[in-house]
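Take a look at the structure below.
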Amino acid sequence: MVGNTGVTKNFTISLQEVSQKLQSIDPGGKWNPRDCLARNSVTLVVPFRDRWGHLAVFLNFMHPFLQRQLLHYRILVVEQIGIGVYNKAMLMNAAFLEIRQQFPTDCVIFHDVDLIPELNNNSYACAREPRHLAPAVDVLDYNLPYGPLVGGVLMFTPQDFQAVNGYSNAYWGWGAEDDDMGYRIKKAGLRITRPSLNTGRYTMLVHTQRRKNERRVEILHKGMERQPWDGLSNVNYSVLDIRLKPLFTHMLIDIGKTPDTY
């Protein structure tokens with residue numbers, strides 16, 4: 001399994017074109033190799049809001065990428081409904097809790113919709129420890145800026161994700177939930193593994209940055225104090241709908257009103 005995925009930063013395609021192109025996928029964006037037995041199952045959780053162009057590109061590249069690795073997988077897109085400030089971490093926590101009940105899986109990969117792997121040999125098969133799959137992103141000059149960074153694409157077993165109590169729910173807007181997670185993993189006594197910088201290479205699709213949370217550094221400094229009770233254990237949400245679409249499972253989530261103090 002060698003070669004490039006062929007992604008470029010300005011690649012465009014419509015969801016309709018992707019649906020016509022990819023015909024072998026089961027409803028809900030699920031796929032299983034027909035000629036061999038996959039060793040385990042993987043669910044990609046893609047937190048999402050108003051990025052339909054990116055989602056089409058993501059699905060266009062990720063389905064063939066995962067199939068080349070002969071993985072038993074599902075792509076689940078969890079979308080925040082309403083006009084409140086975006087909270088990526090709450091969406092990921094909510095999706096995990098629903099997956100545990102409705103779509104049991106051996107590993108969960110939390111995956112930004114605008115990050116596409118460049119190389120086919122970056123394995124998405126289940127790892128025994130938390131695995132940061134995206135250490136080398138083009139906009140960061142293909143380097144890891146600092147050790148605790150686990151943003152972009154992060155794999156967990158369900159047991160390990162529960163051990164860290166999931167992501168913090170405190171980061172509204174563009175915050176520091178990924179840095180917070182790096183510290184959670186360390187505090188739980190778990191080890192972060194990564195592919196090499198030569199293998200874990202990603203292209204970030206062109207996008208407009210979301211509004212930053214001006215309190216993100218202050219919130220991060222108190223992150224370890226909150227870990228025991230802030231995360232999976234207290235996430236508040238409502239599932240509005242779950243639809244098995246041709247290319248993905250679409251989960252619509254309401255996370256309520258944005259706090260006045262965010």
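The string of couplings for the stretch 75-81 from the Karplus curve (6.51, -1.76, 1.60, θ = phi - 60°) is 9, 10, 9, 10, 10, 7, 9 Hz, one whole number per residue in order, with x for Gly and Pro. A cysteine counts as unpartnered when no other cysteine's C-beta lies under 4.7 Å of its own; in the chain this applies to Cys36. Dividing the helix sum by the residues of the chain, where each DSSP H run of 4 or more adds -39500 (n - 2.57), gives a mean residue ellipticity at 222 nm of -7000 deg cm²/dmol. With a Förster radius of 30 Å applied to the C-beta separation of Ser196 and Gln159, the computed FRET efficiency comes to 0.70. For the chain, a crude dipole built from +1 on the beta carbon of Lys and Arg and -1 on the beta carbon of Asp and Glu, taken about the Cα centre, is about 280 debye to the nearest 20.
Spread over its residues, the convex hull of the C-alpha atoms of the stretch 1-49 is 159 Å³ per residue.
From least to most packed, judged by other beta carbons within 10 angstrom and beginning with the fewest, Met251, Met204 follow the order Met204, Met251. GNM on the chain, alpha-carbon springs under 10 angstrom: the most fluctuating residue among Thr249, Thr12, Thr157 is Thr12.
For the chain, just say rounded, prolate or oblate: build the C-alpha gyration tensor, square-root its eigenvalues into a ≥ b ≥ c, call rounded for a/c under 1.5, and beyond that prolate if a/b exceeds b/c, oblate if not. It is rounded, given that a/c, with a ≥ b ≥ c, falls under 1.5. Quick one: Cα centre-to-centre distance for the stretch 164-192 and the stretch 17-67, in angstrom? So the separation of the two Cα centres works out to 26 Å. Annotation: amide H-H contacts under 5 Å for Arg201 (H modelled 1.01 Å from N, sequence separation of 5 or more, or interchain): Glu118, Leu119. Under 5 Å between amide hydrogens, built in the peptide plane, is the criterion, and for His72 it picks out Asn40, Val42 among residues at least 5 positions away or on other chains. Length gained on full extension, Asp26 to Trp229, computed as 0.36 nm times the residue gap minus the Cα-Cα distance: 69.3 nm.
Treating each Cα of the stretch 38-127 as one equal point scatterer and applying the Debye formula with no solvent, the log10 of I(q)/I(0) at q = 0.11, 0.14, 0.16, 0.26 Å⁻¹ comes out as -0.31, -0.50, -0.66, -1.42.
Out of all DSSP beta bridges in the stretch 15-254, what portion is antiparallel? Express it as a percent rounded to 5. Of those bridges, close to 45 percent are antiparallel. Cβ crowding within 10 Å ranks Thr5, Thr105 as Thr5, Thr105, fewest other Cβ atoms first. Residue pairs exceeding 29 angstrom between C-alpha atoms, taken from Lys30/Lys88; Lys186/Lys257; Lys9/Lys186: Lys186/Lys257; Lys9/Lys186.
FYI, it's all coordinate maths here, none of it is from the lab. In this text the structure is predicted, and so the values were computed from the model without any measurement. Every residue, glycine among them, receives a Cβ derived from its backbone with ideal geometry; neighbour counts consider all protein chains shown.
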